[in-house]
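Working notes, beginning with the structure itself.
The values are calculated or read from the model by the stated rules, or taken from the named source; none is laboratory data. Small disclaimer: the values here were computed from a predicted structure and weren't measured. All Cβ positions, even for glycine, are placed from backbone atoms using ideal geometry, and neighbour counts span all protein chains on display. Ligands, DNA and RNA are excluded from the accessible area calculation, which covers all protein heavy atoms including side chains. Shrake-Rupley method; radii C 1.70, N 1.55, O 1.52, S 1.80 Å.
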Amino acid sequence: MSSIIFRHPILGITAREPFGVSAFPRMVVDKRSRQNRIFLMPHQLNSSYLQDSIGLFRYYKKLADRAMAQCPDEALFITLDTESNSIAIIVKHMSGNMRSRWLDFLTTDGEKPDRNRDTEFETPPATRIEVIEMWERGWKYLFDALEPLAESDLTRTVTIRSEPHSVMQAINRQIAHYAHHVGQILFLAKHLTFSKTGKWESLSVPRGKSAEINAKTAAGALSARSTLFASKQN
């Protein structure tokens with residue numbers, strides 16, 4: 001039987017599978033096509049809490065990846081007012097939080113004794129390269145902690161600032177936290193990029209396209225998250 005090698009756009013992994021067999025829970029194969037085309041659907045019904053949580057983390061990371069990629073270098077360090085944070089500072093805070101929460105996740109408190117949270121809002125990284133290195137390092141802590149887990153680990157107890165959480169509660173807490181900050185990054189990146197360049201590539205449903213996207217989703221040609229991954233890949 002013939003086989004292909006493909007890369008999943010969210011999970012970031014490759015696999016070799018025979019035609020007609022899905023290696024990933026969010027992959028659909030069109031068996032009617034003589035070319036055996038693969039349609040990647042970034043969101044489908046999934047009963048695995050861990051798989052869906054990891055998918056959500058990757059989704060929010062990708063949103064911020066693409067927003068920062070469009071943003072001019074100097075705009076990464078701009079604050080809108082004295083009470084606001086720049087994109088670079090938000091990245092520094094998220095990275096510090098990720099190291100603290102996810103390093104030795106099951107065996108140590110999520111607020112590490114060597115973390116100084118206040119300094120995460122001071123002295124941003126100096127260059128785009130430093131921003132992205134800090135960003136990627138933080139997410140690596142997260143995925144390294146989550147990917148080895150089994151569903152049976154969800155009821156285990158971990159602590160954050162000495163307060164007990166189930167693993168599921170700890171994951172939910174961080175999904176909400178990171179989505180909050182990714183939204184800030186997207187707002188700043190869009191505002192500053194358009195102000196400086198007059199351009200912005202939409203990361204979700206473009207203006208005036210809602211009816212078209214709804215029809216394609218109903219027909220199974222798109223999914224709720226696919227617009228993010230159907231455009232430029234970073």
Among (1) closer than 21 Å to Asp65 by Cα; (2) open to solvent by 40 Å² or more (accessible area, probe 1.4 Å); (3) in contact with a Gly (Cβ under 8 Å, 6 or more places away or on another chain) - the single one Ala176 does not satisfy: (3)
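Just to be sure before I move on: is Arg173 basic (Lys, Arg) and more than 21 Å from the chain's Cα centre (by Cα) in the structure I sent?
Details: basic (Lys, Arg): yes; more than 21 Å from the chain's Cα centre (by Cα): no.
Considered against the rule, which asks whether it is basic (Lys, Arg) and more than 21 Å from the chain's Cα centre (by Cα), Arg173 comes out as no.
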Inter-residue pairs, beta-carbon under 9 Å, first touching a residue at least 40 places away in the same chain (Cβ under 8 Å) and in region 125-142, second surrounded by fewer than 19 Cβ atoms within 10 Å (Cβ to Cβ) and of a type in the set (Lys, Arg), 6+ apart: Arg137/Arg99; Gly138/Arg99; Tyr141/Arg99
Some residue of region 147-160 being at pLDDT 95 or above, in contact with a Lys or Arg (Cβ under 9 Å, 6 or more places away or on another chain) and loosely packed, with under 13 Cβ neighbours inside 10 Å: no
Residue selected from region 66-89 under the condition open to solvent by less than 20 Å² (accessible area, probe 1.4 Å) and either acidic (Asp, Glu) or not in a helix (DSSP H, G or I) (or both), by the criterion nearest to Val167 (Cα to Cα): Ser86
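Which of the residues spanning region 78-106 are among the aliphatic types (A, V, I, L, M) and out of contact with any strand residue (DSSP E or B) (no Cβ under 8 Å at 6 or more places or on another chain)? It would help to see each step written out before you state the result.
So in region 78-106, the residues among the aliphatic types (A, V, I, L, M) come out as 78, 80, 87-91, 94, 98, 103, 106.
Correct list: Ile78, Leu80, Ile87, Ala88, Ile89, Ile90, Val91, Met94, Met98, Leu103.
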Subset of region 202-220 [touching a Leu at 6+ places or on another chain (Cβ under 8 Å) and either in contact (Cβ under 8 Å) with a residue 60 or more places away in the chain or surrounded by fewer than 13 Cβ atoms within 10 Å (Cβ to Cβ) (or both)]: Leu203, Ser204
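With respect to Lys92, determine if the residue is crowded, with 16+ Cβ neighbours inside 10 Å and either outside any helix (DSSP H, G or I) or touching a residue at least 12 places away in the same chain (Cβ under 8 Å) (or both). Lay out the reasoning, then the answer.
Values: crowded, with 16+ Cβ neighbours inside 10 Å: yes; either outside any helix (DSSP H, G or I) or touching a residue at least 12 places away in the same chain (Cβ under 8 Å) (or both): yes.
Yes.
Quick one: is Asp109 of a type outside the set (Ser, Thr, Tyr), touching a strand residue (DSSP E or B) at 6+ places or on another chain (Cβ under 8 Å) and open to solvent by 20 Å² or more (accessible area, probe 1.4 Å)? Steps first, please.
On the way: of a type outside the set (Ser, Thr, Tyr): yes; touching a strand residue (DSSP E or B) at 6+ places or on another chain (Cβ under 8 Å): yes; open to solvent by 20 Å² or more (accessible area, probe 1.4 Å): yes.
The answer is yes for Asp109.
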Odd one out for Lys62 among (1) touching a helix residue (DSSP H, G or I) at 6+ places or on another chain (Cβ under 7 Å); (2) surrounded by fewer than 19 Cβ atoms within 10 Å (Cβ to Cβ): (2)
Hey, Gln233 more than 23 Å from Ala88 (Cβ to Cβ), open to solvent by 50 Å² or more (accessible area, probe 1.4 Å) and at pLDDT below 90 or not: yes
Breaking point among (1) over 23 Å from Pro113 (Cα atoms); (2) open to solvent by 60 Å² or more (accessible area, probe 1.4 Å); (3) under 16 Å from the mean Cα position of the chain (by Cα); (4) not charged (D, E, K, R), for His181: (2)
